[in-house]
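Written below as structure tokens is the structure these notes are about.
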Amino acid sequence: MNGFIDFMEKHFIPRASKIGAQRHLVAIRDSFIVTMPLMILGSLVLLINNLPIPVYQNFMNNIFGEELWKSFGGNVWNGTFGILSVLIAFLVAHNLAKDYDKDGVAAGVVSVASFFALGGLTGMSSNGLFIALIVGLVSAEIFSRLSGNDKLVVKMPEGVPPAVAKSFAAMLPAMITISIFGLICTIFIGFGITDIVTSFYDLVQQPFMGLANTLPSALLLAFITPFLWFFGLHGANMVEPLMQTINAPAIEANMAAVTNGDVAPYIVNKPFFDSFVNLGGTGATLGLIIAILILARRNKAYKVITGLSTAPGIFNINEPMMFGLPIVLNPILFIPFILTPVVLVLVAYTATKFGLVPAAVTMPPWVTPPIIGGILATQSIAGGVLAAVNLVLSVIIYAPFVKIADIQAAKKAEEEAQA
């Protein structure tokens, strides 16, 4: 491991650091960091609402009524995940404009307005995140450049309050920027695309619709979901319709086969991913949490975020890790985040193919903790054993990269102390 760490420090980290310092990526990264408290709160209420304990659910339903007590979590979700894309549209533009020494608040407001001008009303939550990122970056670039043009600045006479003068100075650049996105939306409507967010999802999902329940499709899904997540797209949300249309029917066929005394025909299905691959969420991040708890002795930021993320992670909610650590646009964690699900798919598929573990025949709630989910999905202790083995493998894969991050944190702390 030491040799591998030395190699990564010498050849990988310098290049990754340059990429990580790129202003657009920094703007995105810092935006997600600001939203971290909201993501943690949203994750916690999601966990409370969906805790897979029948006694708990029945107790809460009987005391308060299902609609009443779950409305609290729903209301908090509306104020956190429900407006994530709007927040990101504002923050990305704000951070990027400030990097250009322009009015960050004005750029953020213009970005939000541009997002809605583009039809973002249907994509306020995480399903519109990709479009929000693009709008934030592009609107900030346009607004910043237009703000630097003296011919577009409306100058107010002396004596006008500074806030008013500043607002009028940004008026024409703001109007032009928002109008550009409104025009783009009109052009899309002219071509028959009335909902850009939905159309984007359809465009991304459509190439996958012909996939069957096979190992190649499982490997592709295992790769594409964390790959999209790494760049800030909610990979799980984007792939979920595909999982439902392809893999949900597979679990129904498995149930029918077992009921009739036949062998379950499909290895790859939705509970296959939920129980053996997405341990802790996309990227098997429960393994990352365990690796950090064991190895990250000097990286205080990792330890704090991991402490806050452990409880949600046990129930397969990993947004705090995604946006808080962060995993999104983190070059050090890119390789294990992509590699781990692929390895776990290969192990789980092979174990099932050779009859070591039965195929999944039930569909436990996605928030069911790992190992327990494996037992429930396969109706077998062997399913729990397979989930435990995959969890250990995920820790092993993440371990050297956590060690690299720990070493980097120690060096940075030492440099700051010397300075």
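The values are calculated or read from the model by the stated rules, or taken from the named source; none is laboratory data. Bear in mind the structure is a predicted one, so any value in this text is a computation, not a measurement. Virtual Cβ from ideal backbone geometry, glycine too; neighbours counted across all protein chains shown. SASA here: full protein model, heavy atoms, side chains in, ligands and nucleic acids out. Shrake-Rupley method; radii C 1.70, N 1.55, O 1.52, S 1.80 Å.
With 21 Å as the limit on Cα-Cα distance, the pairs of LYS300/LYS403; LYS102/LYS155; LYS70/LYS270; LYS102/LYS412; LYS300/LYS412; LYS270/LYS353 that go past it are LYS70/LYS270; LYS102/LYS412.
Stretch VAL34-LEU219 to full length: gain in nm at 0.36 nm per residue minus the Cα-Cα span?
On the way: separation 185, 0.36 × 185 = 66.60 nm, distance 3.34 nm.
Using 0.36 nm per residue and subtracting the Cα-Cα distance, I get 63.3 nm.
Checking every one of the GluC sites (Glu not before Pro) in the stretch 57-165 against DSSP loop status and a limit of 13 other Cβ atoms within 10 Å picks out GLU158. Projected label points at TYR56 and ASN75, each 7 Å from Cα along the beta carbon direction, are separated by 2.1 nanometres. A Cβ-based charge dipole, computed about the Cα centre of the stretch 34-124 with Lys and Arg at +1 and Asp and Glu at -1, lands at about 40 debye.
Segment LEU346..ARG145, full-extension length gain: 67.4 nm, with 0.36 nm per residue of separation and the alpha-carbon distance subtracted.
Protein heavy-atom accessible surface, 1.4 Å probe, per residue over the stretch 362-411: 37 Å². With both labels modelled 7 Å from their Cα along Cα-to-Cβ, the ALA301 to GLU415 distance reads 1.2 nm.
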